[in-house]
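Notes for the one structure printed next.
Throughout, read-outs are computed from the coordinates displayed, never taken from laboratory work. Here the structure is a predicted model, which means the values were calculated and not measured. Here the Cβ positions follow ideal geometry from the backbone for every residue, glycine too, while neighbour counts run over all protein chains shown.
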Amino acid sequence: MLKNINPLLNADILQALRAMGHGDDLIIADTNFPGESVARQTTYGKLLRIDRSSAEVAAAVLSVYPLDTFVDDAAARMEVVGSADEILPVMEEVQAEVDAAHGQPLKLVSIERYAFYERAKKAFAVIQTHERRFYGCFAFRKGVIPPDGE
């Protein structure tokens, strides 16, 4: 165990998050997402797993992962097919974690299902969760950590 590190963040997850640079995407995906096949196409090349809900995984990741403040789509969600504006409870829960980590509201951008798959294939890494609710899939673009005092 390490102090001040969420215990859900195992060594493989921490290594992947540390290796990412500004502008790289991280996908947090539900259990129905084609994680293995998509992850093989990412920069990291292998699927990571945390067997918790999407919101719990988002909270753990966002405790150490800065979101990109230079883009409008730093935090995104897979949209409900046929109902792009529908917000499901799993999305509300992750939205709350994003807002808490960011320190202010940061709306999850909606991404059409197949466009989300394409963004995921270009991502740095995929973390598959144990989330069984539909549409528990999110993309987070990594930001920067400023020098001390800024």
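Surrounded by fewer than 19 Cβ atoms within 10 Å (Cβ to Cβ), touching a helix residue (DSSP H, G or I) at 6+ places or on another chain (Cβ under 9 Å) and touching a residue at least 24 places away in the same chain (Cβ under 8 Å), is that true of VAL80?
On the way: surrounded by fewer than 19 Cβ atoms within 10 Å (Cβ to Cβ): yes; touching a helix residue (DSSP H, G or I) at 6+ places or on another chain (Cβ under 9 Å): yes; touching a residue at least 24 places away in the same chain (Cβ under 8 Å): yes.
When the stated conditions are applied, VAL80 passes them.
Tally up the residues in segment 1-37 that are out of contact with any strand residue (DSSP E or B) (no Cβ under 6 Å at 6 or more places or on another chain) and of a type in the set (Val, Ile, Thr), please.
2
May I ask you to say which residue of ALA139, ALA96, ALA101, ALA120 is touching a helix residue (DSSP H, G or I) at 6+ places or on another chain (Cβ under 8 Å), assigned to a helix (DSSP H, G or I), more than 14 Å from ALA55 (Cβ to Cβ) and not hydroxyl-bearing (Ser, Thr, Tyr)? Reasoning before the result, please.
Values: ALA139 fails: assigned to a helix (DSSP H, G or I); ALA96 fails: more than 14 Å from ALA55 (Cβ to Cβ); ALA101 fails: more than 14 Å from ALA55 (Cβ to Cβ).
Criteria check complete, one pass: ALA120.
Could you go through segment 68-75 and let me know if any residue there is buried (at least 19 other Cβ atoms within 10 Å of the Cβ), assigned to a loop (DSSP other than H, G, I, E, B) and touching a Lys or Arg at 6+ places or on another chain (Cβ under 9 Å). Please lay out each step first, then the result.
Filtering segment 68-75 for residues buried (at least 19 other Cβ atoms within 10 Å of the Cβ) gives 74-75.
Retained after the next criterion (residues that are assigned to a loop (DSSP other than H, G, I, E, B)): 74.
Right, trim to touching a Lys or Arg at 6+ places or on another chain (Cβ under 9 Å) and you get 74.
Yes, that holds for at least one residue.
Pairs under 9 Å by beta carbon, first residue on the phi > 0 side of the Ramachandran plot in segment 41-65, partner part of a helix (DSSP H, G or I), six or more apart or different chains?
GLY45/ALA39
In segment 97-113, is there at least one residue being touching a Lys or Arg at 6+ places or on another chain (Cβ under 9 Å), within 15 Å of ASN32 (Cα to Cα) and buried (at least 16 other Cβ atoms within 10 Å of the Cβ)?
No, the conditions are met nowhere in segment 97-113.
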